Amino acid sequence: MAARKILLAYNHASHDKKALSFVIEAFANREEVQVTLINVYAPLPRIDMASSPEMSKIRDRLAGLQAELEERESVLKSTREHLLQNGFREDQVDYVFKQREHSIPEEILEVAKKKHCDVLVLSGRESGRVSRMLSRSVHERILGSVSGITVCIAK
């Protein structure tokens, strides 16, 4: 069988565990598989703290946002470790923690193309109305733009 390169969009939400479980069940312990986890995050605002004394009040909030990003990357590394503990070798799993420069679907598809992925795994929609609307938009935009890649939506 030809090598499979899988891109798993992972955003640390509870419903992402279903997609992770799917990847483990379907592809663990297979020699020809490579998995890349991807998490795309919004850029932190750039604020000149020296321009005004009032701006220094924002410093703590920005530090908190930076700590949150570091925690998200730490969770992504832990997710990678989870894959390693469940049937994947060290050289089969990597991750991309990327600041968003374009839309989320564009970022995901860009990494899929760059890594020559042939399978893209997305998680199902969340139950909240706004979350469903946003995830539907991401799914629809990916499905409308993708070519030559199998897209799995784990629900």
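Coordinate-derived values only; no laboratory data. Computed from a predicted model, the values in this text were never measured in an experiment. No Cβ is skipped: glycine too gets one built from the backbone with ideal geometry, and neighbour counts run over all protein chains shown.
Hey, got a sec? Which trypsin sites (Lys or Arg not before Pro) in the range 1-34 land in a DSSP loop and have at most 15 other Cβ atoms within 10 Å?
Arg30
For Asp94, what is the net charge nearby, where nearby means another residue's Cβ is under 14 Å from its Cβ and Lys, Arg count +1, Asp, Glu -1?
+3
What residues have an amide H closer than 5 Å to that of Cys152, excluding those fewer than 5 places away on the same chain, when H is modeled at 1.01 Å from N in the peptide plane?
Distant-sequence amide H within range of Cys152: Leu120, Val121, Leu122.
Could you pull out every residue, at least 5 positions away or on a different chain, whose amide H is within less than 5 Å of the one on Phe88? Hs are placed 1.01 Å off N in the peptide plane, and Pro or chain starts have none.
Asn29
For Ile24, Ile38, which order do you get if you count the other beta carbons within 10 Å of each Cβ and list the fewest first?
Taking fewest neighbouring Cβ atoms as first place, the list is Ile24, Ile38.
Name the residues whose placed amide hydrogens come within less than 5 Å of the amide hydrogen of Val93, ignoring near sequence neighbours (fewer than 5 apart) on the same chain.
Long-range HN contacts for Val93: Val35.
Peptides 76-84, 109-117: what's the order by average Cβ count within 10 Å, highest mean first?
Result, highest mean Cβ count within 10 Å first: 109-117, 76-84.
Can you work out ³J(HN,Hα) from phi for every residue in the range 82-97, in order, using Karplus 6.51 cos²θ - 1.76 cosθ + 1.60 and θ = phi - 60°, giving whole Hz and x for Gly and Pro?
Couplings: 4, 5, 5, 7, 10, x, 10, 8, 3, 7, 9, 10, 9, 9, 10, 10 Hz.
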